[in-house]
Amino acid sequence: MILENAYEAITDNVYLRLGDIIPESDVFLKLEGLNPGGSIKLKSAIGMVEDAERNGRLYSGASLIESSSGSLGVALALVAAGKGYSFTCVTDPNASTYSVSVMRALGADVVEVNGRDANGGFLGSRISYIHERIAADPGLVWLNQYANPANLRAHARLTATAILDEIASVDHLFVGVGTSGTLMGCLEHFRRHSPATRIIAVDSEGSVTFGFPPGPRLVPGLGTSRKPEICQVAAPDDIVIVSESDAIRACRSFARKGIFLGGSSGAVLAAVSRMSGQIPPGSRVVAISPDLGDRYADTVYSDDWVVRHFGAGVLETPELAHQTGG
């Protein structure tokens with residue numbers, strides 16, 4: 001395969017078979033961290049940028065601005081650099097230093113917003129900052145991943161389609177929820193083409209997306225302090241709320257088996273493990289892993305950071321029931 005642009009190298013067909021995380025069932029972990037930019041967000045970035053180009057909002061020399069806790073910022077920095085747009089990412093103290101460094105290496109301007117919003121997070125504050133910037137410079141183009149239908153359409157067209165192309169019969173699909181673009185895109189496609197599949201949304205404790213109480217969150221990638229406009233909260237078949245402590249335990253447990261995953265991937269696998277008793281034997285389960293562990297090396301995989309924020313007990317990672325291989 002010969003491509004003209006790095007952002008075109010979407011990897012949408014790599015799965016890791018997990019053995020006995022659910023007894024007598026097949027569990028397939030979809031590895032999105034192999035995409036350029038290191039996450040599933042590459043598809044969101046391409047979908048929203050190309051939609052804006054088709055609609056005439058983006059043109060040669062235009063400037064993009066977007067709010068991101070890290071992964072979409074890296075993906076947009078990659079696409080913007082390839083297409084010749086300037087890009088400003090508005091992030092917060094929870095963004096990893098790795099992600100910020102990558103964005104800057106790709107030519108993006110990174111602005112960190114430190115004030116918390118009314119729900120104790122940073123999302124509302126980041127968006128308020130963007131509104132201030134647009135008021136001062138109306139030429140800025142805000143893609144707004146939280147309200148942009150092109151976000152979910154990208155995942156209906158790519159992520160969900162790729163799952164059913166590779167694994168024709170899926171009984172349960174576990175999807176982590178940030179902006180809800182992946183979740184809503186998968187719901188749109190599966191409801192049409194595989195309506196019997198149960199879609200399980202995985203959210204972080206402290207996130208308000210599904211109406212649960214707000215609370216502080218430290219691990220980026222999952223959850224919001226402001227409900228995304230594209231999210232239909234009643235749409236998934238089940239919702240599993242995972243504490244950040246359990247997500248960290250899952251990440252560190254899988255790392256001991258040579259599977260190096262990001263924080264939101266840990267939450268998804270913690271949800272799979274929690275629901276294992278409710279999934280009938282012989283089921284085929286797909287869990288989407290949005291990114292790998294490299295950008296979490298200084299947080300989720302740092303003993304000092306984990307002890308400082310969650311206590312030493314989180315380092316005692318109980319063995320999750322799983323094996324790699326068939």
Within segment 274-295, residues surrounded by 20 or more Cβ atoms within 10 Å (Cβ to Cβ) and among the polar types (S, T, N, Q) come out as Ser289
Exercise for the section: Answer yes or no as to whether Leu78 is closer than 22 Å to Ile130 by Cβ, in contact with an Asp or Glu (Cβ under 9 Å, 6 or more places away or on another chain), surrounded by 14 or more Cβ atoms within 10 Å (Cβ to Cβ) and not assigned by TED's automatic domain parsing to the domain that holds Gly176. Expected result: no
request  = Could you please let me know if Val219 is touching a Ser or Thr at 6+ places or on another chain (Cβ under 8 Å), outside the structural domain of Ala80 (by TED's automatic domain parsing), among the hydrophobic types (A, V, I, L, M, F, W, C) and at pLDDT 95 or above?
outcome  = no
When restricted to Glu166, Glu229, the only residue of a type in the set (D, E, K, R), surrounded by fewer than 23 Cβ atoms within 10 Å (Cβ to Cβ), over 28 Å from Ala52 (Cβ atoms) and in contact (Cβ under 8 Å) with a residue 12 or more places away in the chain is Glu166
Worksheet item: Could you say whether any residue in segment 58-66 is touching a Cys at 6+ places or on another chain (Cβ under 7 Å), within 15 Å of Gly181 (Cβ to Cβ) and free of Cβ contacts under 8 Å to residues at least 40 places away in the same chain?
Response: no
- prompt: Before we move on, is Leu222 of a type in the set (A, V, I, L, M) and in contact with an Asp or Glu (Cβ under 7 Å, 6 or more places away or on another chain)?
  reply: yes
Considering only helices (runs of 4 or more DSSP H) wholly within segment 210-326, the ones with at least 1 residues that are under 19 Å from the mean Cα position of the chain (by Cα) are 244-255, 263-274
Residue hits (segment 160-201; closer than 29 Å to Phe122 by Cβ, among the polar types (S, T, N, Q) and in contact with a strand residue (DSSP E or B) (Cβ under 7 Å, 6 or more places away or on another chain)) are Thr182
Somewhere in segment 47-61, is a residue over 24 Å from Asp294 (Cα atoms), basic (Lys, Arg), surrounded by fewer than 17 Cβ atoms within 10 Å (Cβ to Cβ) and at pLDDT below 95? yes
Ile134 meets each of (1) over 22 Å from the mean Cα position of the chain (by Cα); (2) not acidic (Asp, Glu); (3) not in a helix (DSSP H, G or I) with one exception, condition (3)
- prompt: Does segment 267-274 contain any residue that is out of contact with any strand residue (DSSP E or B) (no Cβ under 7 Å at 6 or more places or on another chain) and either modelled with pLDDT of 95 or more or within 23 Å of Ser207 (Cβ to Cβ) (or both)?
  reply: yes
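Results for (1) in the same structural domain as Leu76 (by TED's automatic domain parsing); (2) touching a Ser or Thr at 6+ places or on another chain (Cβ under 8 Å); (3) not in a loop (DSSP other than H, G, I, E, B), shown as yes or no for each residue.
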position: Gly115; (1), (2), (3): yes, yes, no
position: Gly121; (1), (2), (3): yes, yes, no
position: Ser125; (1), (2), (3): yes, no, yes
position: Ile130; (1), (2), (3): yes, yes, yes
position: Pro138; (1), (2), (3): yes, no, no
position: Arg153; (1), (2), (3): no, no, yes
query: What do you reckon, is Leu123 buried (at least 21 other Cβ atoms within 10 Å of the Cβ), over 30 Å from Glu4 (Cβ atoms) and out of contact with any helix residue (DSSP H, G or I) (no Cβ under 9 Å at 6 or more places or on another chain)?
result: yes
In segment 108-119, anything surrounded by 15 or more Cβ atoms within 10 Å (Cβ to Cβ) and closer than 20 Å to Gly215 by Cβ is listed as Val113, Arg116, Asp117, Asn119
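The values are calculated or read from the model by the stated rules, or taken from the named source; none is laboratory data. Quick caveat, the model's predicted, so the values are computed rather than measured. Quick reminder, even Gly has a Cβ in these numbers, built from the backbone with ideal geometry, and neighbours come from all protein chains shown.
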